[in-house]
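Some notes on the structure that comes next.
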Ligand code: PLP
């Protein structure tokens, strides 16, 4: 596999050659892809890794006694070690999922199962009525609905930490809300609407003092920032392969070894058991306890190629590049009349994504105007309707960058945004 050599400054043009789609045209213009927060583009190395597995080594893992099955198992478990290492974890702390939504549901359903068993059998995870689950108002629906459902199943109360007008989390409110009744605190590392990095250390400290379990949604940090989940001190975390240069249908669930040991499984079936009788089953230790049924082996191997690619580029270099790109985008957007940025908190740590309103123009119209110029952005509430409601916005435009985003692309985007209001006759 060829990957770019590690470099302090990203050689973006060289790296872009690895992404076939970045050479395509849309509506007669070169594609300017600014929708990486929805899904990232995939380098050739990821596609090749999956193809190589499927054409040279494909077999059922952990089962067959034949050579190809052993090769497939080795590749699959090597992939686990690579992806676990990328987030600072050990292989037995990394459970494969189909994506972050699946990972968060797995956690919520496992806690629900523990709750059904009662405090004795369900141990420390069992929830009772009047226990509290705490999230923030800035969560993606994937980190909100599973907790709503869990609260409904168990009688627990769901509470929300608000954000300030500049989008930053209200830590004083968090201090009031997180307390002795809090059993679970679930929050995103980086908001998929605001791009702001949440104060993980403060939140973990509050949760620990309350004896609550912490669940981190790392979807929007894993592709952009160096990540060490054990060092962050969270109990559980999820991330999504397709947002970090990897294939669809694969994600990771990190769990502190003791937490994974104690948490009951969510799905049951083949591949997650040590012994089975007609009436009873003994489960394998984690991570296999949480991996019932046939796993997405090819996508896991593709995701390993993605993290090896990111590692070879260097996550410090990725973060530095995206910071500069984000500033260029913010500076340009601030100068355009009628643009209201969401989460423009001075000096706040952030990744390269900006959501904004265009005064007098519906976000969908703005998105279509940009699309006609080959510029791909996301429009709508980005699966964070409560946060949009908090800001009194029905829908916003979101431009999100990645390691392959160039300054020239940001400038083309800004030129496009400059034309929107005039085209739709807004403000005239
Ligand atoms: N959490 C956040 C912050 C996201 O941005 C997304 C995807 O948009 C998800 C969760 C869901 O991820 P997945 O597509 O892997 O289910």
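Please verify whether region 375-386 includes one or more residues that are farther than 30 Å from residue 314 by Cβ and assigned to a helix (DSSP H, G or I). Yes - at least one qualifying residue is present in region 375-386.
The set of residues from region 26-43 being outside any loop (DSSP other than H, G, I, E, B) and either within 11 Å of the ligand (Cβ to nearest atom) or under 21 Å from residue 99 (Cα atoms) (or both) comprises just one member, 35. Residues considered: 259, 307. Of these, the only one that is assigned to a helix (DSSP H, G or I) and crowded, with 23+ Cβ neighbours inside 10 Å is 307.
So which residues in region 331-344 are crowded, with 18+ Cβ neighbours inside 10 Å and in contact with a strand residue (DSSP E or B) (Cβ under 6 Å, 6 or more places away or on another chain), if there are any at all?
Step one: of region 331-344, the residues crowded, with 18+ Cβ neighbours inside 10 Å are 332-333, 339, 341-344.
Result: 333, 339, 341, 342, 343.
Restricting attention to region 378-416, the residues that are surrounded by fewer than 17 Cβ atoms within 10 Å (Cβ to Cβ) and touching a residue at least 12 places away in the same chain (Cβ under 8 Å) add up to 6.
Would you mind stating whether residue 285 is closer than 30 Å to residue 22 by Cβ, at pLDDT 95 or above, in the same structural domain as residue 112 (by TED's automatic domain parsing) and not in a helix (DSSP H, G or I)?
On the way: closer than 30 Å to residue 22 by Cβ: no; at pLDDT 95 or above: yes; in the same structural domain as residue 112 (by TED's automatic domain parsing): yes; not in a helix (DSSP H, G or I): yes.
So residue 285 fails the test.
Can you say whether residue 303 is more than 16 Å from the ligand (Cβ to nearest atom) and over 17 Å from residue 111 (Cβ atoms), as far as the supplied structure shows? Outline the logic, then answer.
Numbers: more than 16 Å from the ligand (Cβ to nearest atom): no; over 17 Å from residue 111 (Cβ atoms): yes.
Here the answer is no, as residue 303 does not meet what is asked.
Residue 264 meets the conditions (1) surrounded by fewer than 21 Cβ atoms within 10 Å (Cβ to Cβ); (2) in the same structural domain as residue 188 (by TED's automatic domain parsing); (3) assigned to a loop (DSSP other than H, G, I, E, B); (4) touching a residue at least 12 places away in the same chain (Cβ under 8 Å) in every case but one. The failed one is (1). Quick check: anything in region 116-128 under 25 Å from the mean Cα position of the chain (by Cα), assigned by TED's automatic domain parsing to the domain that holds residue 204, surrounded by 16 or more Cβ atoms within 10 Å (Cβ to Cβ) and closer than 19 Å to residue 381 by Cα? No, because not a single residue in region 116-128 is under 25 Å from the mean Cα position of the chain (by Cα), assigned by TED's automatic domain parsing to the domain that holds residue 204, surrounded by 16 or more Cβ atoms within 10 Å (Cβ to Cβ) and closer than 19 Å to residue 381 by Cα. Return the residues of region 199-223 that are buried (at least 24 other Cβ atoms within 10 Å of the Cβ) and out of contact with any strand residue (DSSP E or B) (no Cβ under 7 Å at 6 or more places or on another chain); say none if nothing qualifies. Once the filter is applied, which keeps residues that are buried (at least 24 other Cβ atoms within 10 Å of the Cβ) and out of contact with any strand residue (DSSP E or B) (no Cβ under 7 Å at 6 or more places or on another chain), region 199-223 yields only 223.
Restricting attention to region 147-168, does a residue exist that is within 14 Å of the ligand (Cβ to nearest atom), crowded, with 19+ Cβ neighbours inside 10 Å and not in a loop (DSSP other than H, G, I, E, B)? Checking region 147-168: at least one residue is within 14 Å of the ligand (Cβ to nearest atom), crowded, with 19+ Cβ neighbours inside 10 Å and not in a loop (DSSP other than H, G, I, E, B). At pLDDT 95 or above, over 18 Å from residue 318 (Cα atoms) and part of a strand (DSSP E or B): does that describe residue 185? Considered against the rule, which asks whether it is at pLDDT 95 or above, over 18 Å from residue 318 (Cα atoms) and part of a strand (DSSP E or B), residue 185 comes out as yes. Scanning region 240-270 for residues being more than 15 Å from the ligand (Cβ to nearest atom) and within 15 Å of residue 295 (Cβ to Cβ) gives a total of 6.
Would you mind finding the one in 69, 81, 108 that is part of a helix (DSSP H, G or I), buried (at least 20 other Cβ atoms within 10 Å of the Cβ) and either on the phi < 0 side of the Ramachandran plot or not assigned by TED's automatic domain parsing to the domain that holds residue 373 (or both)? That would be 108, the only listed residue that is part of a helix (DSSP H, G or I), buried (at least 20 other Cβ atoms within 10 Å of the Cβ) and either on the phi < 0 side of the Ramachandran plot or not assigned by TED's automatic domain parsing to the domain that holds residue 373 (or both). Among the residues in region 269-276, are any out of contact with any helix residue (DSSP H, G or I) (no Cβ under 7 Å at 6 or more places or on another chain) and buried (at least 23 other Cβ atoms within 10 Å of the Cβ)? No, that holds for no residue.
The values are calculated or read from the model by the stated rules, or taken from the named source; none is laboratory data. Everything numeric in this text was worked out from a predicted model, so none of it was measured. Because the Cβ atoms are built from the backbone with ideal geometry, glycine has one as well, and the counts that use them run over all protein chains shown.
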